[in-house]
């Protein structure tokens, strides 16, 4: 897919607002396109139930949050709210309580957040920054990178750079001008769904990388045997497999030992 400038998305949304009075800016949230590709592939398609794709670029997309989305969240989740504004924090608290979440902890101190998060160990994090400057945003993005949790972040104003930075930092839901009591639950649901999707995607990616690395090591081991013993590729592999079976080891472990030994001997 070719890249579409962010200005196009902004113009598209502005046109949508003008064309339909029922839409409001808080109905929209950004997430990166790989999430959409992943979620629309079975069996993860149900994670996007209640969301409509509005427009997508090469790197991220804009989705409309449907008020009908239920999200499947459990009221037993522990949720940490980070907000130095007590009035705005109370809006989030009420929205969470309305959704049946009773395990809510509010933190107003913005210093030492990584340590505080580690001590509290919440399931989900909600951050409200109202009108943050670049330093405040970067601080929160650093927190997002440091903790592996679903994170929903509310800001009143933003720009294209901050949106892309939020995506890169792993913020699960980055909401611009959308802090309303009734919006807290669907946005939190979206953050959790997105985090789960990316966690699974990351795990699968790591598995693929590990398999490729193992295959490369086995190929190197086969090459060593083919050269040193004059074996064919299949014979070299069969020898690795028999050795692994005889020693009750995995083929990759035998291959790694052979590659290391060959390197030590200078072969």
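Computed values, structure above
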quantity: Residue 239 surrounded by 13 or more Cβ atoms within 10 Å (Cβ to Cβ), more than 30 Å from residue 149 (Cα to Cα) and touching a residue at least 12 places away in the same chain (Cβ under 8 Å); calculated: yes
quantity: Of all residues making up segment 119-138, the number that are surrounded by fewer than 16 Cβ atoms within 10 Å (Cβ to Cβ), modelled with pLDDT under 90 and either part of a helix (DSSP H, G or I) or on the phi > 0 side of the Ramachandran plot (or both); calculated: 5
quantity: Residue 177 surrounded by fewer than 20 Cβ atoms within 10 Å (Cβ to Cβ) and out of contact with any helix residue (DSSP H, G or I) (no Cβ under 9 Å at 6 or more places or on another chain); calculated: no
quantity: Failed item, numbered, when residue 265 is tested on (1) closer than 30 Å to residue 139 by Cβ; (2) more than 38 Å from the chain's Cα centre (by Cα); calculated: (1)
quantity: Residues located in segment 139-148, provided they are under 20 Å from residue 194 (Cα atoms) and assigned to a helix (DSSP H, G or I); calculated: 140, 141, 142, 143, 144, 145, 146
quantity: Evaluation of residue 103 against (1) more than 22 Å from residue 174 (Cβ to Cβ); (2) touching a strand residue (DSSP E or B) at 6+ places or on another chain (Cβ under 7 Å); (3) at pLDDT below 90 (one fails), failing number; calculated: (3)
quantity: Filter pass, residue 109 being outside any strand (DSSP E or B), at pLDDT below 90, surrounded by fewer than 19 Cβ atoms within 10 Å (Cβ to Cβ) and at negative phi; calculated: yes
quantity: The listed residue being surrounded by 11 or more Cβ atoms within 10 Å (Cβ to Cβ), within 35 Å of the chain's Cα centre (by Cα), outside the structural domain of residue 96 (by TED's automatic domain parsing) and in contact (Cβ under 8 Å) with a residue 24 or more places away in the chain, out of 215, 220, 196; calculated: 220
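The values are calculated or read from the model by the stated rules, or taken from the named source; none is laboratory data. Keep in mind it's a predicted model, so treat the numbers as computed, not measured. Counting neighbours? That spans all protein chains shown, and the Cβs are built from the backbone with ideal geometry, glycine included.
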